[in-house]
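Quick one: structure below, then a few questions.
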Amino acid sequence: MVVTHPFHPLIGQRLVVLGVRRQRTGRLYVCDGGALGSVTLSEDATDRGAESAERPLSFEVLVELAAVVAAFTGVARGEGGR
């Protein structure tokens, strides 16, 4: 499997999976981390997790989201939320 988490020290490296643990929150993979020894990674930190969003979460994306929510709740028309 490949480490995809942007802040993980092994990002982009292919690791050998030694075992898999299932937990309520998802799968955890125990991998051979080379000089780091065995490392445990959540599925979303690997290429086996869900695909990344098309756009990163940014201030501009949040402003767009707020406008959509306001439109659905009537805030933009001055009706206030229900």
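The values are calculated or read from the model by the stated rules, or taken from the named source; none is laboratory data. Here the structure is a predicted model, which means the values were calculated and not measured. Using ideal geometry, Cβ is built from the backbone for each residue, glycine included, and neighbour counts are taken over all protein chains shown.
Is it true that some residue in region 6-14 is modelled with pLDDT of 90 or more and of a type in the set (Lys, Arg)?
Checked region 6-14: at least one residue is modelled with pLDDT of 90 or more and of a type in the set (Lys, Arg).
Let me ask you something else. Restricted to region 36-65, and to residues that are at pLDDT 90 or above and small (Gly, Ala, Ser), which residue is surrounded by the most Cβ atoms within 10 Å (Cβ to Cβ)?
Checked region 36-65; the qualifying residue surrounded by the most Cβ atoms within 10 Å (Cβ to Cβ) is Ala45.
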